[in-house]
Amino acid sequence: MQRRDRAKGESLPDASIRAMEWIDIGVNLAHESFGADRDAVVARARDAGVAHFVVTGTSVGASREALALARHYDALSPGLMVATAGLHPHHASELDDATLEALTQLAGDPRIVAVGECGLDFYRNLAPHEAQLAAFRAQLELAVRVRKPVFLHERDAHADFLALVREFRPHLVGAVAHCFTGGEAEVEAYLALDLHIGVTGWVCDERRGSALQRAVPLIPGDRLMLETDAPYLMPRTLSPKPATRRNEPAWVVEVARIVARLRGETLADVAAHSSATTRAFFGITPGRSR
Ligand SMILES: [Zn+2]
């Protein structure tokens, strides 16, 4: 079977797409929706060329599960998965001494490659703003202490978010704005703070993704990373449309196809620079894990 590489109108056989290497920097693999068939989801992603998964931690419990998955899948291939440990802004009210102590312990594990996801979400507002700001600050401090990058979430809180990131940026070893959905102005503000930027299937959404589509070509290759945010954010450009609404890490390749088209690059270019950028950012060991 042949697939079109829409970036340059090339026809690429499936095998050459699979020969490319992808890293999904944001997959909620501990999510209950993967409970019944996680091995198959992982196998499909590896078959699609996903060489590494960064499993997102969103609470103490979810971060422990993410770390357990990273350990478990080492049996398949050493280093196949790494994880983050943090409190999502939705869980900000859970911050207390015990939570912070647990996150500190987790952050010391070599398989935990970033603190987060952490940040501000003034869109859903599942935790009060005060609690979100306190939890975000505590995790920025933690990242500085353990010298690991932060995995950042921001929605409808750009000004407050930027102020805190700006305050901590000189002391942070790295920071990625995960699931970036903003436009050109936000990209410029983030790049000015030397942030990395994670792009999801939001870019495949012809309705709400248009600002992001204009912004993607402005992101330098050494700052751009790819993610699915699975099981959320199914790419709307998948054809044929999957029967399920559950997104999965294999479809990071679809995110890449749209990113390549927007940037006027080949899929192979995007695979090469996004993987190199991701390896360097998270310290994922070189070499194929497959
Ligand atoms: Zn997020």
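Read-outs: derived from the displayed coordinates by stated rules, not from any lab. Keep in mind it's a predicted model, so treat the numbers as computed, not measured. Don't worry about glycine lacking a Cβ; one is built from the backbone with ideal geometry, like all the others, and counts go over all protein chains shown.
Things to note:
- Taking 0.36 nm per residue of sequence separation and removing the Cα-Cα distance, the Thr244/Thr285 pair yields an extension gain of 11.4 nm.
- Loop-located trypsin sites (Lys or Arg not before Pro) in segment 62-139 (DSSP state not H, G, I, E or B) with no more than 12 neighbouring Cβ atoms inside 10 Å: Arg124.
- Cα centre as origin, Lys/Arg/Asp/Glu Cβ charges: the chain dipole, Debye: 900
- Alpha-carbon centroid distance for the pair segment 133-196 / segment 236-265, whole angstrom: 26
- Compared with the direct C-alpha span, the chain from Ala272 to Ala185 gains 28.7 nm at full extension, assuming 0.36 nm per residue.
- For Asp121, residues with placed amide H under 5 Å, excluding near neighbours: Arg155
- For Ala230, residues with placed amide H under 5 Å, excluding near neighbours: Asn28
- Distance (nanometres) between label positions extended 7 Å along Cα→Cβ at Ser210 and His171: 4.3
- Computed on segment 136-290, the Cα convex hull volume stands at 124 Å³ per residue.
- When the charge dipole of segment 152-281 is built from unit charges on Cβ atoms (+1 for Lys and Arg, -1 for Asp and Glu) and taken about the Cα centre, the candidate among Leu218, Val199, His153 whose Cα reaches farthest toward its positive end is Val199.
- Loop-located trypsin sites (Lys or Arg not before Pro) in segment 196-280 (DSSP state not H, G, I, E or B) with no more than 10 neighbouring Cβ atoms inside 10 Å: Arg207, Arg208, Arg245.
- DSSP beta bridge pairing in the chain, given as percent antiparallel to the nearest 5: 15
- Inter-label distance for Leu218 and Asp97, nm, one decimal - labels placed 7 Å from Cα along Cα-to-Cβ: 4.6
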